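Peer 1: To start, I am sharing the structure in question, which I have written as structure tokens.
The values are calculated or read from the model by the stated rules, or taken from the named source; none is laboratory data. Every value quoted in this text rests on a predicted model; they were computed, and no experiment measured them. Backbone-built Cβ (ideal geometry, glycine too); neighbour counts: all protein chains shown. Heads up: the accessible areas ignore ligands, DNA and RNA and are worked out on the full protein's heavy atoms, side chains in. Shrake-Rupley method; radii C 1.70, N 1.55, O 1.52, S 1.80 Å.
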Amino acid sequence: MKYILYILLVINTLPIMAQENELDKILAEGDSGGKNKEYIEAIFKGTRLINGQSAKLTHRGVLQFMISHRFGRLNTGISEFFGLDDATIRLGLDYGISDVLQIGIGRNSLEKTYDAYFKWAFLRQSKGSRAMPFTAVLFSSMAINGLTFSQPELENNFKSRITYTYQLILARKFSERFSLQVSPTLLHRNLVATRQDQHNVGALGFGGRYKLTNRLALVGEYFYVLPGKTADDFRNSFSLGFDIETGGHVFQLHLTNSQGMIEKFIIPQTTDNWGSGDIYFGFNISRVFDLKKRKSP
Amino acid sequence: MKKLFLITLLINLHAGVWAQKYFTKTGHISFFSKTSVENIEAHNQQASCVLDFATGELQFQVLMKGFQFQKALMQEHFNENYVESATYPKAVFKGKMKNPATVNLNQDGVYTLEVSGELLLHGISKPLTTQATIEVKAGKVYAKAQFNTKPKDFNIKIPSAVRNNIAETVAITVDAVCMPYTR
């Protein structure tokens, strides 16, 4: 009896002790306390890191128009106005079918190449219950060379124009400012320049960004191509740049030793050398259009 | 001894029955920014609210990530660049109603009360006073209020490129249906 009394007394006094922050406590009941699963947004600002794909996808129902542009090489000197006389361009459209599936098409001035791809985020970094430590994206593209055949007298097949790319992008936003990604890549080229060149090219991509301010980030990207001959005088692609975000635009300004802007060019066909100043200044500009307005609740 | 026990028990029961507190987890808080360029609005249906008519105290709390925008990119920018939700996940209002005793909770009726307190947003606390409507209907309390805030006051920086798109004064609407809170 005595014990029950004590227990009751204690129970009674508990709320009194907690009186001053009682409302806080009641509110805390309504608080999920970070237990709900919450996806990490915006691992990167752009759907492309610089040349290659990033782990970021456009949102559902969003159409993105992207202009990627590279000037000529800086070391061409004053006669070429340090590369600014020259231009390589890719025009692209990307669309988010859902928040985890994106498709896109593009046209490259280099080798008059058309490309089409899909990107599927099959794992998304999240926190809360059943948290996922990283985002995993599967990327697959097809690039079609649009040049006229150089030897029309030979038998030429359409399939010889095609290059396929398969890429797994693993990315993690370590902090609000710092994100990293690793992307094992396999390219298959139906036609190569010489017998020594490989049809299948393996590469490992590395990319990262560091946000200097909320709207300005430093970005780097490197592709290490696994041993094997891919092109004469071949180099690994390395790029450095800034992402600048304003409203519905992302501006990406960068320096790179790759002239092309899709995997087919940047991974096996980069021959320019940072050390000798074969550096291209370039930019990507994206603009998004919301085709599907979300219903306001 | 037995008497003491009964009294304690009575107090215990009494505390449970005496519902002066009203509570919800699904309050609706929205904001609206109107400029000649575009209108921006966002809604959050998961505001936690608690009102105590015994003391007049009230609290509202909302997770910034819960605001839903029409455009996905706007929502991303809101969280990433403006309110910095990862650093400041919540907005909290703690305040007091003036003359809470005028509200008769046992009878349907509509009251207008002055509410004043502190709004914590983006890590900055600012005093806020507004008129609130309290409607008692079928045992529930409908709490409504509308007030204006300036992003600048809460150190939310708006870059010059989008200055014309985001209003200097943003209208905030609160609409919560609270149920009696019993422990």
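Peer 1: How far is it, in nm, from the label point at A:Lys112 to the one at A:Ile89 when both lie 7 Å from their Cα along the line to the Cβ?
Peer 2: Modelled inter-label distance: 1.7 nm.
Peer 1: What whole-number value in cubic angstrom gives the convex hull volume per residue for the C-alpha atoms of region B:94-183? Each step should come with its number before you reach the end.
Peer 2: Working: hull volume 10.6 nm³, N = 90.
Residue-normalised Cα hull volume stands at 118 Å³.
Peer 1: Please calculate how many Å² of accessible area chain A carries per residue, with a 1.4 Å probe and no DNA, RNA or ligand atoms counted. Mind dumping the intermediate values first?
Peer 2: Details: 14820 Å² over 297 residues.
I get 50 Å² per residue for chain A.
Peer 1: Now for a different question. For the protein assembly as shown, what size does the Cα cloud have along each of its three principal axes, sorted from largest down, in whole Å?
Peer 2: Computed over the protein assembly as shown, the largest-to-smallest principal extents equal 109, 57, 38 Å.
Peer 1: Would you look at the GNM of chain B, springs on alpha carbons closer than 10 Å, and say which of B:His28, B:His77, B:His122 moves the most?
Peer 2: B:His77
Peer 1: Just the number: Rg to Rh for region A:64-289, Cα atoms, Kirkwood Rh, two decimals.
Peer 2: Values: Rg = 18.2 Å, Rh = 18.8 Å.
Using only Cα positions, Rg/Rh for region A:64-289 is 0.97.
Peer 1: Still on this model: Summarise the partner chain shielding of A:40-48 as one whole number: the mean count of Cβ atoms from other chains within 10 Å of each residue's Cβ. Provide the component values of the computation, followed by the final result.
Peer 2: On the way: counts 1, 8, 7, 0, 0, 2, 0, 0, 0.
Rounded to a whole number, the mean comes out at 2.
Peer 1: Still on this structure, please answer the following. How big is the charge dipole of the protein assembly as shown about its Cα centre, in debye rounded to the nearest 20, if each Lys and Arg gets +1 on its Cβ and each Asp and Glu gets -1 on its Cβ?
Peer 2: On the way: 55 positive and 41 negative charges, 276 e Å.
That gives a dipole near 1320 debye.
Peer 1: Which value, in square angstrom to the nearest 100, describes the accessible area buried between chains B and A on both sides, using a 1.4 angstrom probe? Display every interim value, and only then the final one.
Peer 2: Details: alone 11600 and 16870 Å², together 24520 Å².
For chain B against chain A, roughly 3900 Å² becomes buried.
Peer 1: Return the calculated 222 nm mean residue ellipticity for chain A, to the nearest 500 deg cm²/dmol, obtained by summing -39500 (n - 2.57) across DSSP H runs with n ≥ 4 and dividing by the residue count.
Peer 2: On the way: 3 runs with 29 residues, N = 297.
Taken over chain A, the calculation gives -3000 deg cm²/dmol.
Peer 1: Partner chain Cβ atoms within 10 Å, averaged over the residues of A:242-249 - can you pull that number for me?
Peer 2: Values: counts 0, 0, 1, 7, 6, 8, 6, 1.
Counting Cβ atoms of other protein chains within 10 Å of each residue's Cβ and averaging gives 4.
Peer 1: Partner chain Cβ atoms within 10 Å, averaged over the residues of B:67-75 - can you pull that number for me? Each step should come with its number before you reach the end.
Peer 2: Working: counts 0, 4, 3, 6, 10, 12, 11, 3, 3.
The mean count of partner-chain Cβ atoms within 10 Å per residue comes to 6.
Peer 1: Region B:14-80 to region B:122-138: how many Å between their Cα centroids?
Peer 2: Rounded to whole Å, the Cα centres lie 11 Å apart.
Peer 1: Using Cα pairs under 8 angstrom and six or more residues apart, how large is the relative contact order of chain B, in percent?
Peer 2: Working: 400 pairs, mean separation 45.2, N = 183.
Relative contact order of chain B: 25 percent.
Peer 1: Further question on the same structure: Which value, in Å², gives the accessible area per residue of chain B when a 1.4 Å probe is used on the protein heavy atoms? Spell out each step's value before the answer.
Peer 2: Numbers: 9700 Å² over 183 residues.
Accessible area per residue, chain B: 53 Å².
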